[in-house]
Amino acid sequence: MNDARLADRKLRQVPQGVGTVTPVTMAKAEGALIWDQDGREYIDFAGGIGVNNIGHRHPKVVAAIKEQADKYLHGCFHVSMYEPYVDLAEKLNALAPCRGEKMTMFANSGAEAVENAVKIARYATGRLGVVCFEGAFHGRTLLTMGLTSKVMPYKYKLGAVALPGIFRAQYPYCYRCPWGLEQSSCGMRCGEHYFESEFFKYHVNPDEVAAILLEPVLGEGGFITPPPEYLGQLRSICDRHGMVLIVDEVQSGIGRTGKMFATEHFGVEPDIVTTGKSLGGGLPLSGITGSASIMNTVHPGGLGGTYGGNPVSCAAGLAVLTAFEQENLLERGAALGAKVRSALEGMQERHPCIGQVRGLGPMLAMELVKSRGRKEPAPELAKKVTAICHQEGLLILDCGTLGNNLRTLMPLVITDEQLERGLSILEKSLDRALEETKA
């Protein structure tokens, strides 16, 4: 069945709220390549929205799934324990950059991970308030919709208006500084000064705040990356006021930035870190890892879920971490990031419509503008470029509150030839989109 016929069936059988942003119908995938039902090949710069960091159908993951499926599929960890859950918890506890001794629990999705992290922080501190940020995306459950910043399409008429205890702060978006300052001379106006002299005076008293929650690189918000010292200032604020620092690494973690956790780029130890997406290698799995002194406060039975830490998913997660260990994927990711950044910055030199290239490692984005001087967003151009890329055999997505960013989430195992071909398609598609816009 071809793409058009399946798309027609989808329109009749699946609610329109379950959107699909490309016309491609996946029939097969391997590494950094996808084939549709007509056998056409696509280079994958979308990575299942950050899920396929080690590639589609990685042999170690497939083998682990098959081996575990021959033993048992489900028993519920709350009924009977099983080794894959504890084995994976031990692995994450050893890897996570959190303070001191660590503990881990598992859920199914990034939203569940964030929701459990907030529950734990509230329990440990006895406080309700959570500080989150403009541009953030934390999920689609009721609580995480409230924590998410963008109204359309994630929150509109879906019941996430003014949830109690949620307070939204400015994220350090240096390219579009909310205070109109320059990063070279601003004195980190967005950091401790902002919170202590403004935010805690006009929004919430710090003794009512359980946690500060942030993405070390905004995901859906446009891959905005804070200054190097920013997370350290948040760490100081949390220590000063007895708050829990939660870092949402659902998209940026598990090697996406050339380090296992993006937090490591900043040299900061959070209290809790959430993981998901690439942790399961393609299966539903998320983790909540944190300092034992915080994680172990909740009473027995207060955390969990029927499918959380499913044994097959945990086996896949163990295979993902084994692949990183045995195949030098962090080093490969760092090298990939340097190549992609160089290519995108080269495009920026040739195209005035690229206002900024930003991100960490291979988690990068280009912000498209109508004018570099005025920085007027160009979301229509971004959508046109992605559409042309899809026509030419490259899957890439836009992102950002303004919808004017193109982001790269290609698998770390992409070959040099595939990477060069994908980058070439991207630039040619940008050229064509600009020509069509002029016409």
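Of interest is the spacing of the C-alpha centroids, which for the stretch 272-351 and the stretch 171-227 amounts to 25 Å. R40 sits among other residues whose Cβ lies under 12 Å from its own Cβ, and their net charge, with Lys and Arg +1 and Asp and Glu -1, is -4. Each Cα pair under 8 Å and six or more residues apart adds its separation to the average, and for the stretch 321-397 the resulting relative contact order is 19 percent. Across q = 0.13, 0.16, 0.25, 0.26 Å⁻¹, the stretch 364-416 modelled as identical point scatterers on its alpha-carbon atoms has Debye log10 I(q)/I(0) values of -0.35, -0.50, -0.95, -0.99, in the order of the q list.
For the residues D44, D239, D271, a GNM of the chain with alpha-carbon springs under 10 Å puts the largest fluctuation on D239. Between the residues F137, V24, L73, the greatest Cα displacement towards the positive end of the dipole of the stretch 1-152, with unit charges on the Cβ of Lys, Arg, Asp and Glu, is found for F137.
Our note on the geometry: Cα centres of the stretch 1-20 and the stretch 366-420, 24 Å apart.
When the alpha carbon gyration tensor of the stretch 33-148 is reduced to an equivalent ellipsoid, the three semi-axes, largest first, read 31, 24, 14 Å.
Note the per residue figure in Å³ for the convex hull of the C-alpha positions in the stretch 130-261.
Taking only Cα atoms, the stretch 130-261 has a hull volume of 117 Å³ per residue.
If a/c stays under 1.5 just call it rounded; otherwise compare a/b with b/c (prolate if a/b is bigger, oblate if not). Do that for the stretch 247-298, with a ≥ b ≥ c from the square roots of the Cα gyration tensor eigenvalues. Oblate shape, in that a/c is at least 1.5 and b/c is the bigger or equal ratio.
For the chain, the relative contact order comes to 23 percent (Cα pairs under 8 Å, sequence separation of at least 6).
When both bridge partners sit in the chain, DSSP labels roughly 65% of those beta bridges antiparallel. Among the lysines of the stretch 62-327, pairs at least eight places apart or on separate chains and with Cα atoms under 18 Å apart come to 5. Computed on the chain, the Cα convex hull volume stands at 152 Å³ per residue. Say we join alpha carbon atoms closer than 10 Å with springs in a Gaussian network model of the chain; which of G219, G308, G75 then has the biggest fluctuation? Among G219, G308, G75, the largest mean-square fluctuation in the Gaussian network model of the chain belongs to G75.
Based only on the alpha carbon positions, what is the Kirkwood hydrodynamic radius of the stretch 285-417, in angstrom?
Numbers: mean 1/r = 0.0554 Å⁻¹.
When all Cα pairs of the stretch 285-417 are included, the Kirkwood radius is 18.1 Å.
Taking the chain as a Gaussian network of alpha-carbon nodes connected by springs under 10 Å, the highest mean-square fluctuation of the residues T401, T22, T141 belongs to T22.
FYI, it's all coordinate maths here, none of it is from the lab. All figures in this text were calculated on a predicted structure; none of them were measured in a lab. Virtual Cβ from ideal backbone geometry, glycine too; neighbours counted across all protein chains shown.
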